[in-house]
Amino acid sequence: MDNVKELQLVAERVALDAAARIREKRAELGDIANFTQTKSSPVDPVTIVDTYAEECIVSALQDLRPQDGVIGEEGTETASASGVTWIIDPIDGTVNFLYGIPQFAVSIGAAVNGEVVAGAVINVTTGDLYSAAKGQGAQLRTSDNVTQLHCTNVSELSLALVATGFGYAAARRARQGEIVAKLLPQVRDIRRMGSAALDLCAVASGQVDAHWEHGLNAWDYAAGSLIASEAGAEIHIPPLSSSGANGELTMVAAPGIFEQLLVVLEELNAVGPLRVQ
């Protein structure tokens, strides 16, 4: 296997470059609303910056590691000759990006035999860079510091701050709303911030105690789930090959509340694929 630390450094390098290019392109285009299309539904946008960023990331990875495969949200799919496959989301949190909300990210994970072994997530606006390598811990690199990440030691679900997200299909969103309404009285509070990758990193850094969501794709959680796990969180994720259309659960939580949250979601019939009428 490739040295996982080397893969982490590649992910960091490419994520930093992609974030800089996104900031430059966003400033160049001005009113981004004029450059938007939709994907799965009218509320699921993709911008020319998403596709531009994916092209930049793929090009950088191919230059650095030409034998590796790449799978990207915007359609990239190249086979791996090395055993390493990169799973990338060029902009996670596109709606936030469109509205100028500073909570969107580049997510880059490296997988070997279906397991993520290294990854990086960068908040494009702030430049905060989260990264991890399997068995090596997780870290946050800011403009002036590098810190090791550790999730919280909360042990009571009633004291937990929990993050979540919603899908784009109306029926699934309605079902997710029902789950939120029933979970809310059992936790400290719930946050919906708009980027699953950054939510997972928020678990790693202790900004929230847990995150759950249904219907994520591998590029949404590949890097972030590893970062959270290396920071001490417990994770429940679908296979990387699973489609978000299946509505499967992604859940990451501090170990002291992981089982408690899982039990509540089981009681709400929300651990398996999310069923909608």
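Checking the stretch 129-143 against the condition returns a match, with at least one residue being of a type in the set (Ser, Thr, Tyr) and in a strand (DSSP E or B). Considering only the stretch 241-255, state which residues are surrounded by fewer than 19 Cβ atoms within 10 Å (Cβ to Cβ) and not small (Gly, Ala, Ser). Within the stretch 241-255, Asn246, Pro255 qualify. Only one of the listed residues (Leu184, Leu159) is under 19 Å from Ile257 (Cα atoms) and either without any contact (Cβ under 8 Å) to a residue 24 or more places away in the chain or surrounded by 18 or more Cβ atoms within 10 Å (Cβ to Cβ) (or both). That residue is Leu184.
With respect to Gly224, is the statement that it is within 24 Å of Ser131 (Cα to Cα) and small (Gly, Ala, Ser) true? Spell out the reasoning first.
On the way: within 24 Å of Ser131 (Cα to Cα): yes; small (Gly, Ala, Ser): yes.
Answer is yes for this residue.
For the stretch 258-275, the criterion of being farther than 21 Å from Thr76 by Cα, among the aliphatic types (A, V, I, L, M) and within 15 Å of the chain's Cα centre (by Cα) is satisfied by no residue at all.
Hey, could you check the stretch 62-98 for residues that are among the hydroxyl-bearing types (Ser, Thr, Tyr) and either touching a helix residue (DSSP H, G or I) at 6+ places or on another chain (Cβ under 9 Å) or assigned to a loop (DSSP other than H, G, I, E, B) (or both) and say which is surrounded by the fewest Cβ atoms within 10 Å (Cβ to Cβ)?
Ser82
Only residues that are assigned to a loop (DSSP other than H, G, I, E, B), within 15 Å of Trp219 (Cβ to Cβ) and in contact with a helix residue (DSSP H, G or I) (Cβ under 7 Å, 6 or more places away or on another chain) were counted across the stretch 99-128, and they come to 1.
Report those strands (runs of 3 or more DSSP E) wholly inside the stretch 202-273 carrying at least 1 residues which are within 28 Å of Val146 (Cβ to Cβ) and either hydroxyl-bearing (Ser, Thr, Tyr) or modelled with pLDDT under 95 (or both). First the steps, then the outcome.
Numbers: elements: 210-214, 234-236, 249-253.
Strands (runs of 3 or more DSSP E) meeting the threshold: 249-253.
The values are calculated or read from the model by the stated rules, or taken from the named source; none is laboratory data. Computed from a predicted structure; not experimentally measured. FYI the Cβ positions are ideal-geometry reconstructions off the backbone, even for glycines, and counts take in every protein chain you see.
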